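Just so it is clear, none of the values below were taken in a lab; they were calculated from the coordinates. Values in this document were obtained by computation on a predicted structure and should not be read as measured data. Cβ sites come from the backbone with ideal geometry, for glycine too, and all protein chains shown count toward neighbours.
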Amino acid sequence: MKILIKNIKGLVGLDDGNVLKRSGNEMSQLGIIEDAFLLIEDGVITDFGKQTSDFQLPTSNFHLIDATHKFVLPSFIDSHTHLVFAASREEEFIMRIKGKTYEEIAAAGGGILNSAKKLQAMSEDELYENALVRLNEMISFGTGAVEIKSGYGLTVKDELKMLRVIQRLKKNSPITIKATFLGAHAIPPEYKNNSEGYIDLIINEMLPQIAGEKLADYCDVFCDKGFFTVDETDRILSAASKFGLRAKIHGNELGQTGGVQVAVKHNALSVDHLEYAGDEEIQCLKNSDTMPVGLPNCSFFLGLPYAPARRIIDAGLPVCLATDYNPGSSPNPRMGFIISLACTQMKLTPAEAINATTINGAYALELSKTHGSIAKGKVANVFITKKIPSLSYIPYSFGVDMVESVIVGGKVI
């Protein structure tokens, strides 16, 4: 089956298929063709261009979509989520309204430990069914590839349970999913006075089983104040690398705690959060291939500073933006809202925000060759907007879903 999208107001995010990421001034470069067409065959993009007066329709067996007054963009790539969880945590939302900090809630048994307790009591099948509903919702909002972390298990049994749920989602979802092992998300209560014991459990029991079952693509550590130190992070990532798991880091969400530096040391694919990143961290990133990832939903919801994305770009670096979708600090899977926050709070232009949520997201998941832009031969994951006056209307209309229809793998969802 062929799909032809015609009369496209603007076909957005074009490149030649060789762009892995956009950095610095390149992030303002957003290839656009007005009055365009896009042809999809057998699940991949096969042709696109200006729709001239002599434009010829395919002769047979094609599905025609008229995109008059609408834009077509590459699907979003959400490179940081905690999609598999047992229950929401709105009770902590009330606690924050009353003045409790993230750290105070965590110290009282809330936060990650709250989610872990609930997840440990839920069956794998129920976790899977709940996560599948959330995943399908994300797809409807324009997301075409996603990373999902474990980290709400915090026992050997339950971390494996989470990763097996993610494995099932990989097999049954139309979009590409990458799995990240985040056993080092928090110290469980039974190891409160024995953090070394829990780190040994991660290194000597969790990692070998996860690698043996090929359940994870990456290994993440929450390297931050009150969680895992730089030295502990270094040990865990060194062990993970022996099993072929590349690093991804939660870093500098709660302070300048060395997360960026240890990420660069381990050639991490990305370092995520960066709410507290200064000149030293930016300079460190300039000498690396590690992608800086901002999570503006978390800043918005918790009242934290926003990652200094403007300064990072102005320093010549790339920036990726993701949802951090989770029940405690970012209960919102809409990448369109991320673009709005990027523009209103982080002072990115719409073009920079779109690159941050598409091609740079693809880089943060090692998918740049197949996802993240409109290029011949790439997977046909795109979305069509509603009728809108301009591309800037997407971030301008914050909180409003501008996605009208979604195509994943060459199929209309």
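Taking a ≥ b ≥ c as the square roots of the eigenvalues of the alpha-carbon gyration tensor, segment 256-402 is classed oblate because a/c is 1.5 or more while a/b is no larger than b/c.
Annotation: peptides 255-261, 169-175, ranked by per-residue average of other Cβ atoms within 10 Å with the highest first, follow the order 255-261, 169-175. Averaging the sequence gap over all C-alpha pairs within less than 8 Å and six or more residues apart, then dividing by the number of residues, gives the chain a relative contact order of 22 percent. Checked against a 28 Å cut-off, the cross-linked pairs K50/K369; K178/K411; K157/K378; K21/K161; K2/K387 give Cα-Cα distances beyond that limit for K157/K378; K21/K161. Dipole orientation for the chain: of the candidates C298, N25, Y152, N25 has the Cα lying most toward the positive pole (charges on Cβ; Lys, Arg +1; Asp, Glu -1). Do you know the relative contact order of segment 291-413, to the nearest whole percent, from alpha carbon pairs under 8 angstrom that are 6+ apart? Reported relative contact order: 22 percent. Evaluated at q = 0.11, 0.13, 0.14, 0.25 Å⁻¹, the base-10 log of the normalised Debye intensity for segment 47-145, with identical point scatterers placed on the Cα atoms, takes the values -0.60, -0.71, -0.77, -1.27. Students often get this wrong, so try it: which of [x] 74, 45, 43; [y] 77, 53, 46; [z] 96, 46, 39 is Cα extents along the principal axes in Å as calculated from the structure shown? Answer label, from the structure shown: [x]. Rounded to the nearest 10 degrees, the inclination of helix 156-172 to the longest alpha-carbon principal axis of the chain is 10 degrees. From the square roots a ≥ b ≥ c of the eigenvalues of the alpha-carbon gyration tensor of segment 306-368, which class results: rounded (a/c under 1.5), prolate (a/b over b/c), or oblate? It is oblate, given that a/c is not under 1.5 and a/b is not larger than b/c. Among the GluC sites (Glu not before Pro) in segment 201-235, those placed in a DSSP loop whose Cβ has at most 15 other Cβ atoms within 10 Å are E213. Provide the FRET efficiency to the nearest 0.05 for the A108-K225 pair, computing r from the beta carbons and using R0 = 22 Å. The formula returns an efficiency of 0.85 here. Across segment 259-324, the volume of the C-alpha convex hull divided among the residues equals 73 Å³ per residue. Working from Cα pairs under 8 Å separated by at least six residues, relative contact order for segment 229-312 is 24 percent. With the Cα gyration tensor of segment 59-109 giving a ≥ b ≥ c as the square roots of its eigenvalues, does the rule (a/c under 1.5 for rounded; else a/b larger than b/c for prolate; else oblate) give rounded, prolate or oblate? Prolate shape, in that a/c is at least 1.5 and a/b is the bigger ratio.
Can you list the residues of segment 1-36 with backbone N under 11 Å from a point 7 Å past the Cα of H63, pointing along Cα to Cβ? Of the residues in segment 1-36, 1-4 have backbone N under 11 Å from the label point off H63.
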